[in-house]
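Participant: Take this structure first; my questions come after.
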Amino acid sequence: MLAVTTHPAAGRTVMVSQPVRLHAAAPAAVRPAPLLGEHTEEVLRELGYSPATIRDLEAQDVIRCRPEPGP
């Protein structure tokens with residue numbers, strides 16, 4: 001029930017995997033948690049924000065669009 005994965009910032013992590021598996025179902029993919037800001041730009045674009053508005057919000061430190069580098 002445990003899965004080991006490598007997180008880009010936290011390194012090797014152990015997580016709880018899917019506790020129930022159906023007979024013919026493939027096991028669920030185990031992925032590390034997203035980094036802060038990893039999907040911000042993509043989500044804001046889907047919500048209709050323009051690239052210029054996103055850049056302005058990032059310049060004002062309202063949002064973060066690029067994850068901090070790992071250790």
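The values are calculated or read from the model by the stated rules, or taken from the named source; none is laboratory data. Because the structure is predicted, anything quoted here is derived from the model rather than measured. As a convention, Cβ positions derive from the backbone with ideal geometry for all residues, glycine included, and neighbour counts pool all protein chains shown.
Participant: Which number in (1) part of a helix (DSSP H, G or I); (2) touching an Asp or Glu at 6+ places or on another chain (Cβ under 7 Å) marks the one condition that C65 misses?
Facilitator: Tallying (1) part of a helix (DSSP H, G or I); (2) touching an Asp or Glu at 6+ places or on another chain (Cβ under 7 Å), C65 fails exactly one: (1).
Participant: Which one is nearest to R66 (Cα to Cα), of the residues in the stretch 1-30 that are of a type outside the set (A, V, I, L, M, F, W, C) and touching a strand residue (DSSP E or B) at 6+ places or on another chain (Cβ under 7 Å)?
Facilitator: H7
Okay, residues lined up against (1) of a type in the set (A, V, I, L, M); (2) part of a helix (DSSP H, G or I):
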| site | (1), (2) |
| --- | --- |
| A3 | yes, no |
| T6 | no, no |
| R21 | no, no |
| A28 | yes, no |
| L35 | yes, no |
| E42 | no, yes |
| R45 | no, yes |
| T53 | no, yes |
| L57 | yes, yes |
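Participant: Given the structure, is E58 in contact with a Ser or Thr (Cβ under 9 Å, 6 or more places away or on another chain) and not assigned by TED's automatic domain parsing to the domain that holds M1?
Facilitator: yes
Participant: Taking P67 as meeting all but one of (1) within 14 Å of the chain's Cα centre (by Cα); (2) at pLDDT 80 or above, write down the number of the exception.
Facilitator: Exception for P67: condition (2).
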